[in-house]
1. Residue 200 fails exactly one of the following numbered conditions: (1) free of Cβ contacts under 8 Å to residues at least 12 places away in the same chain; (2) within 25 Å of residue 133 (Cα to Cα); (3) not in a helix (DSSP H, G or I). What is the number of that condition?
2. Could you please find all residues in the stretch 32-53 being β-branched (Val, Ile, Thr) and modelled with pLDDT of 90 or more?
3. Can you name the residue in the stretch 203-244 that is part of a loop (DSSP other than H, G, I, E, B) and under 19 Å from residue 143 (Cβ atoms) and, of all such residues, is nearest to the chain's Cα centre (by Cα)?
4. Looking only at the stretch 9-39, which residues are touching a Leu at 6+ places or on another chain (Cβ under 7 Å) and under 18 Å from residue 101 (Cα atoms)?
5. What's the number of the only condition in (1) at pLDDT below 95; (2) out of contact with any Asp or Glu (no Cβ under 9 Å at 6 or more places or on another chain) that residue 84 fails to meet?
6. Can you list residue pairs whose Cβ atoms sit under 6 Å apart, with the first residue in the stretch 126-144 being more than 24 Å from residue 22 (Cβ to Cβ) and the second being small (Gly, Ala, Ser) and surrounded by 23 or more Cβ atoms within 10 Å (Cβ to Cβ)? Count only pairs 6 or more apart in sequence or on different chains.
7. Taking residue 114, is it touching a Pro at 6+ places or on another chain (Cβ under 6 Å), farther than 30 Å from residue 216 by Cα and either of a type outside the set (Phe, Trp, Tyr) or not assigned by TED's automatic domain parsing to the domain that holds residue 236 (or both)?
8. Give me the strands (runs of 3 or more DSSP E) completely within the stretch 3-84, filtered to those with at least 1 residues that are in contact with a strand residue (DSSP E or B) (Cβ under 8 Å, 6 or more places away or on another chain) and aromatic (Phe, Trp, Tyr), ordered by residue number.
Amino acid sequence: MEKTEKLAVLIDADNAQPSIVDALLAEIAKYGTASVKRIYGDWTLPQLKGWKEVLLTHSIQPIQQFGYTTGKNATDSAMIIDAMDLLYTGNFDGFCIVSSDSDFTKLAARIRESGLTVYGFGEKKTPVPFVSACDKFIFTEVLRAEESEETAPIKRLTAAELKRDRKLIRLLMDAAEASSDESGWAHLGAMGNIIAKQSPEFDPRNYGYKKLGELVKATGLFDIEEQVTHRGAKAVYVRIRRRK
């Protein structure tokens, strides 16, 4: 039986919206089991009132943190201290840090140094250092679009628009080339693993596609072939399309 990763979920209430929680926890379930779910903030403040029903529904433990001084974020400090305490227990395989705050950059790096996986969740405004410090970073705009009927879905980019994104095309090309065999074919799963290591924030949903294979096909720059294994499962292979 495949081992289920035990995850600690730590949410910065000042930098997250209660409207994304359902989609957030569904996303986290793809990577493991949320064994600990804690959210940090000053619950005496009126702007956090919207969290109350969400916390009860999803059994998320609120941690009270008063703002002792003006201009200092006590919530961040409390999250970092708790994260280190949880890390030292040795009971977890990974951490989910939900915030758009760069103050958690060092924390993410420290957890990864201990051999654990770090999943970050934040808005697109999240500073690059924090995004890069995570093994994988998911933008919450994607989760919000999936969760709310009022929010317009992420626009699906056309082939022409995708090709104009040189960073994306270079990322896909390099990953396909690095994972290809002598015939030039690369297993889509291996290609995805390389992309994840090079670009933590990469997500096909950011471009309007649910799966990596759909995005790769949409660029029009790759040949795609499906094969059925001896166990009946489908395996997808990708090759950079030769120019005529």
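1. (1)
2. Scanning the stretch 32-53 gives 33, 36, 39.
3. 203
4. If the condition is that a residue be touching a Leu at 6+ places or on another chain (Cβ under 7 Å) and under 18 Å from residue 101 (Cα atoms), then 13, 20, 24, 38, 39 are the ones that fit.
5. Residue 84 satisfies every listed condition except (1).
6. 133/108
7. When the stated conditions are applied, residue 114 does not pass them.
8. Answer list for the stretch 3-84: 33-41.
The values are calculated or read from the model by the stated rules, or taken from the named source; none is laboratory data. Worth saying up front: this structure is predicted, and the values here are computed from it rather than measured. Using ideal geometry, Cβ is built from the backbone for each residue, glycine included, and neighbour counts are taken over all protein chains shown.
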